[in-house]
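Trainee: Pasting a structure here, questions to come.
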Amino acid sequence: MKEIRYDHQFNSNEWTIVIASLVGILLVLLLPKRFTKKTTCVYFMCGVFFGFLFDHTLSVLPVRYYIINDSSSFEWMDFLSHVMYGPFSYLFFYLYDFFHIKKRFSLLYILVWVFMSVGIEHLCVKLGVFHYEHGYTIYYSFLIYILVVSFWVIFYWMIQKNGDTSY
């Protein structure tokens, strides 16, 4: 299939990724430590892993539901866009732990993060980070965010219950 290219300049979509990545990583480094280094890395990598998993599941052939950044081929900035998800997931776990969210309030916490995620994705679409195709809409992302963030809550409670020595 022919490569699709939206532009050739370093513009708003690349700046969005660079700034979000730098601010996010700086935030992770400056926040008071709540977890062991190992747990911190695992929580950070949850965002990178799930971002990579879903972006590459939904943005590759045979049916490409969206294109990341300027081109349908994988570029360096696409890799950095996956790193951008790391601070997001770390902050999710950090605040969940910081506010001592009880299990009965987890659904509310999940919904807050899902709506925030949809809002950020909507902004990223406007800035050219994502280009939807073949009828894909943000409503599909809403369902994916519910799935991912719910898994993160379960994962958090597993680590709380078993400690960080079991992984």
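Derivation of every value follows stated rules applied to the coordinates shown; laboratory data play no part. Just so it is clear, the model here is predicted, and its values are computed rather than measured. Every residue, glycine as well, gets a Cβ built from its backbone with ideal geometry; the counts of neighbours run over all protein chains shown.
Trainee: ³J(HN,Hα) across the range 149-158 via Karplus (A = 6.51, B = -1.76, C = 1.60, θ = phi - 60°), whole Hz, x for Gly/Pro?
Mentor: 5, 5, 4, 4, 5, 4, 4, 4, 5, 5
Trainee: Just order 40-49, 147-156 by mean Cβ neighbour count inside 10 Å, highest at the front, would you?
Mentor: Ranked by mean Cβ neighbours within 10 Å, highest first: 40-49, 147-156.
Trainee: With a sphere of radius 9 Å drawn around the Cβ of Asp70, what net charge do the other residues whose Cβ falls strictly inside it have (Lys, Arg +1; Asp, Glu -1)? Let's see the in-between values first.
Mentor: Working: positive: Arg5; negative: Asp7, Glu14, Glu75.
Result for the neighbourhood of Asp70: -2.
Trainee: Students often get this wrong, so try it: which of (i) 1.08; (ii) 1.14; (iii) 1.97 is Cα Rg over 2.2 N^0.38 Å as calculated from the structure shown?
Mentor: (i)
Trainee: Any chance you could give the angle, 0 to 90 degrees and rounded to 10, that helix 106-126 forms with the longest Cα principal axis of the chain?
Mentor: 20 degrees
Trainee: Once amide H atoms are placed 1.01 Å from N in the peptide plane, what residues at a sequence separation of 5 or more from Ser71, or on another chain, have their amide H within under 5 Å of its amide H?
Mentor: Residues meeting the amide H criterion: Tyr6.
Trainee: Would the range 77-129 count as rounded, prolate or oblate if I go by the C-alpha gyration tensor, calling it rounded below 1.5 in a/c and otherwise prolate when a/b exceeds b/c, oblate otherwise?
Mentor: It comes out oblate by the Cα gyration axes.
Trainee: Further question on the same structure: Just to be sure I follow the rule: in the range 36-166, considering lysines 8 or more places apart or on different chains, how many pairs have Cα atoms under 19 Å apart?
Mentor: Total qualifying Lys-Lys pairs in the range 36-166 comes to 4.
Trainee: Would you mind pulling out the separation of the Cα centroids of the range 122-167 and the range 14-67, in Å?
Mentor: First find each Cα centre; the distance between them is then 10 Å.
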